[in-house]
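None of the figures in this text is laboratory data; all of them are computed from the coordinates on show. Note that this is a predicted model, so its numbers are computed, not measured. A quick note on method: Cβ atoms are made from the backbone with ideal geometry, for glycine too, and the neighbour counts reach across all protein chains shown.
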Amino acid sequence: MNPVEIVSVVSSLIFLYLLIKQNIWCWPFGIFSSVLSVYLFIEYKLYSEAVLYACYVVFGVYGWLVWQQDKQDEVKVTGFSITHLLFGFLVGVPLTILVGYLAKRFTDAAIPYVDACTSVFGLIATYLEAHRYIATWYFWIVLNLVTTVVYYSRGLPLYAGLMLVYFVVSIYGYVSWRRLLNDRLSS
């Protein structure tokens with residue numbers, strides 16, 4: 001077992017737990033885990049994933065700043081909007097094709113288009129997450145299931161297990177945020 005993978009997985013689990021609880025301290029754990037992941041994914045030739053996790057570091061800082069501006073006692077989850085899903089697909093599909101092509105053409109990436117897809121849509125989901133749009137969970141549920149298979153096939157069993165946990169917890173995250181939103185709307 002790779003010690004970097006172990007520490008990153010534990011930090012990621014803490015991040016996810018705190019995210020669902022809407023605790024601002026989720027962001028430092030996410031940033032730390034992402035830095036470790038960049039190193040690990042370069043080692044395993046998952047270059048789009050490495051770039052994605054480097055972006056997660058930046059988005060982690062961004063999310064932390066956005067959440068600091070929110071009142072901590074105020075629920076800020078925003079309801080479903082077809083616009084969020086359309087935005088995701090209209091931006092995500094062309095970017096996936098472009099990034100996949102570039103990775104295939106200029107690197108020795110193991111699975112360039114799948115890697116590009118999970119990376120591009122992961123960034124979109126992270127943006128939605130930073131703004132507490134409930135649509136983030138739709139993206140995360142699918143992405144976490146797909147990346148479970150990707151990581152396992154690339155010899156990263158702990159990350160595959162983490163993504164499987166993320167898949168299950170993403171469903172819980174959706175239900176939790178939906179409950180908060182419904183409570184706010186019924187008040």
Quiz item: If one takes the longest principal axis of the Cα atoms in the chain, at what angle in degrees, from 0 to 90 and to the nearest 10, does the Cα axis of helix 3-20 lie?
Solution: 20 degrees
Quiz prompt | Estimated dipole of the chain in Debye, rounded to 20 [Cβ of Lys and Arg +1, of Asp and Glu -1, Cα centre] | solution = 260 debye
Quiz prompt | Among Tyr172, Asn2, Val149 - extreme Cα towards positive end, dipole of the chain, charges at beta-carbon | solution = Tyr172
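Kirkwood hydrodynamic radius of segment 117-187 from all distinct Cα pairs, in Å?
With all distinct Cα pairs of segment 117-187 included, I get 12.7 Å.
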Quiz item: Using the Karplus equation 6.51 cos²θ - 1.76 cosθ + 1.60 (θ = phi - 60°), what ³J(HN,Hα) coupling, rounded to whole Hz, does each residue of segment 37-44 give in order, writing x for Gly and Pro?
Solution: 5, 4, 4, 5, 5, 5, 4, 9
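Label segment 75-170 by shape, choosing from rounded, prolate and oblate, from the square roots a ≥ b ≥ c of the eigenvalues of the Cα gyration tensor; if a/c is under 1.5 it is rounded, and otherwise prolate applies when a/b is larger than b/c, oblate when it is not.
Working: a/c = 3.01, a/b = 1.30, b/c = 2.31.
In terms of gyration-tensor shape, oblate.
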Quiz item: Which residue, Gly30, Gly173, Gly161, has the most motion in a Gaussian network model of the chain that connects Cα atoms within less than 10 Å?
Solution: Gly161
Quiz item: Can you sort Thr136, Thr107 by how many other beta carbons sit within 10 Å, fewest first?
Solution: Thr107, Thr136
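Calculated from DSSP H runs of 4 or more alone, at -39500 (n - 2.57) each and per residue, what is the 222 nm mean residue ellipticity of the chain, nearest 500? Provide the component values of the computation, followed by the final result.
Numbers: 7 runs with 151 residues, N = 187.
Dividing the helical sum by the residues of the chain leaves -28000 deg cm²/dmol.
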